Amino acid sequence: MKDEKDISARPKYLVIREDVRGRIEDGTYPIGGTIPSENELALAYDTTRLTARSAIDGLVEEGLVCRVQGKGAFVVGDARITSRPPQGFRAHQQQRMHEAEVRIIDWGLREAGPLYAYLFGVGQDDLLVSLRRINVVDGSPRSLEQTLIPCSTVPGIEYVDPSVFSLYDSYARLGHAVSRVREEMGVSTLAAREARHLGVPAGTVALTVRGLSYDVAGAVIEYNVSLTPEDRATYTVRF
């Protein structure tokens, strides 16, 4: 352990940086969560906001933290980890040179209950992340999605802000990269609320895709249902 003289001799921005890095590594600041703001760090370490900003700058350069304008600084873990096939919505659209955005309708926790306990192989009282979102491509709503994720299978997923981070990237960073997806397609008509979110008339025909995502160990880590109006639906299958 370094003595107090050694610590006091170090520049304060390095003290802050090392403390925050240590809390990221021990899980105090989880992947997908925020770290204290520059103002909060400046107050906690009795220094200036500029010094706190310098501390965070170093963590950004290391790839441990990323800044999101208007939201703060988020923990991203090991920057060397990247998403891999199968791809999430944003990565898929960006690969196709489209601008992708996710708009959150609601996001919270719920108990699994008997159906999802069976589906995920967890207890009925276990918590699931429940997420409803609109996937937007080039400024226009493309699809409506409902996603459920078991917290006990993917510990830490409850701290991830899905408006900032790709879920598939987050699974990989948390040690549960998606290795395969099983999907079933069908056709349905959109209820009034669903149609309103997508900017189409109620009763519009939509492609319905229900999917299960598995990690490399074979555990089900995501159940997802997407609704895409017929005039916006495309689906590619490779053999």
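The values are calculated or read from the model by the stated rules, or taken from the named source; none is laboratory data. Bear in mind the structure is a predicted one, so any value in this text is a computation, not a measurement. Every residue, glycine as well, gets a Cβ built from its backbone with ideal geometry; the counts of neighbours run over all protein chains shown. For the accessible areas, the whole protein counts, side chains as well, though only heavy atoms, and no ligand, DNA or RNA atoms are used. Shrake-Rupley method; radii C 1.70, N 1.55, O 1.52, S 1.80 Å.
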Identify the single condition in (1) assigned to a strand (DSSP E or B); (2) surrounded by fewer than 16 Cβ atoms within 10 Å (Cβ to Cβ); (3) not acidic (Asp, Glu) that residue 175 does not satisfy, given that it satisfies every other one. (1)
Selection status of residue 164, part of a strand (DSSP E or B) and open to solvent by less than 40 Å² (accessible area, probe 1.4 Å): no
Restricting attention to the range 131-151, which residues are open to solvent by 30 Å² or more (accessible area, probe 1.4 Å) and of a type in the set (S, T, N, Q)? 140, 146
In the range 113-130, how many residues are crowded, with 19+ Cβ neighbours inside 10 Å and either modelled with pLDDT under 95 or out of contact with any strand residue (DSSP E or B) (no Cβ under 8 Å at 6 or more places or on another chain) (or both)? 3
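Please verify whether the range 178-192 includes one or more residues that are outside any strand (DSSP E or B), more than 30 Å from residue 122 (Cβ to Cβ) and touching a Ser or Thr at 6+ places or on another chain (Cβ under 9 Å). First the steps, then the outcome.
Taking the range 178-192 as the starting set, the residues that turn out to be outside any strand (DSSP E or B) are 190-192.
Now restrict to residues that are more than 30 Å from residue 122 (Cβ to Cβ): 190, 192.
Those still in the list that are touching a Ser or Thr at 6+ places or on another chain (Cβ under 9 Å) too: 190.
Yes, there is a match, as at least one residue in the range 178-192 is outside any strand (DSSP E or B), more than 30 Å from residue 122 (Cβ to Cβ) and touching a Ser or Thr at 6+ places or on another chain (Cβ under 9 Å).
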Within the bounds of the range 172-194, is there any residue that is closer than 29 Å to residue 75 by Cβ, acidic (Asp, Glu) and at pLDDT 90 or above? no
